[in-house]
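Taking it in order: structure first as structure tokens, then the write-up.
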Amino acid sequence: QVQLVESGGGLVQAGGSLKLSCAASGRTFSSNAMGWFRQAPGKEREFVAAISWRGGSTRYANSVKGRFTISRDNAKNTVYLQMNSLKLEDTAVYYCAAARSPGVVVPLADFGSWGQGTQVTVSS
């Protein structure tokens, strides 16, 4: 089991930027793909972005493509989510997750370890 701790959330104005970090410990981090999900009040948790174990492959939800960038530093056991041009609809709790495989996956069920989440609030 990988333990994950997110940080970097906060309050930002629309059009602004935030960078989320997810620090991993426990089982080998660098062997697994990683992902970011988000959950807004009253909505289901949704996929945001994922990155393969070496960082060579990424995938994004259409709603964030071109604005968000996922990256990882295996030497630091950390995955990042750079969020630019933030919109009101990006407001949610953002969760980091470790996949069960090294390749990029999207379904929530393909992720076996989750962080506690970090709140991102975008204001007008």
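Worth a mention:
- Between the beta carbons of Lys76 and Gln1, assuming R0 = 22 Å, the FRET efficiency works out to 0.65 to the nearest 0.05.
- The stretch between Ser124 and Arg45 holds 26.1 nm of extra length on full extension. This uses 0.36 nm per residue minus the Cα-Cα distance.
- Most mobile of Val64, Val104, Val48 in a GNM of the chain (Cα contacts under 10 Å): Val64
- In nm, spacing of pseudo-spin labels at Asn84 and Asn62 (7 Å Cα→C-beta vector): 2.3
- In order through region 53-65: 3J(HN,Hα) via Karplus (6.51 cos²θ - 1.76 cosθ + 1.60), integer Hz, x for Gly, Pro: 4, 9, x, x, 10, 9, 8, 10, 5, 4, 5, 10, 4
- Among the trypsin sites (Lys or Arg not before Pro) within region 68-112, those in coil by DSSP and having at most 14 neighbouring Cβ atoms inside 10 Å are Lys76, Lys87, Arg100.
- Lysine pairs in the chain with Cα atoms under 22 Å, if 8 or more residues apart or on separate chains: 6
- Less than 5 angstrom separates the built amide H of Gly117 from those of Glu6, Cys96, all sequence-distant by 5 or more or on a different chain.
- Based on Cα contacts under 8 Å between residues 6+ apart, region 13-73 shows a relative contact order of 23 percent.
No value in this document is a laboratory result; all are computed from the given coordinates. Please read all numbers here as calculations on a predicted model, not as lab measurements. Note that we place each Cβ from the backbone using ideal geometry, even for glycine, and neighbour counts take in every protein chain shown.
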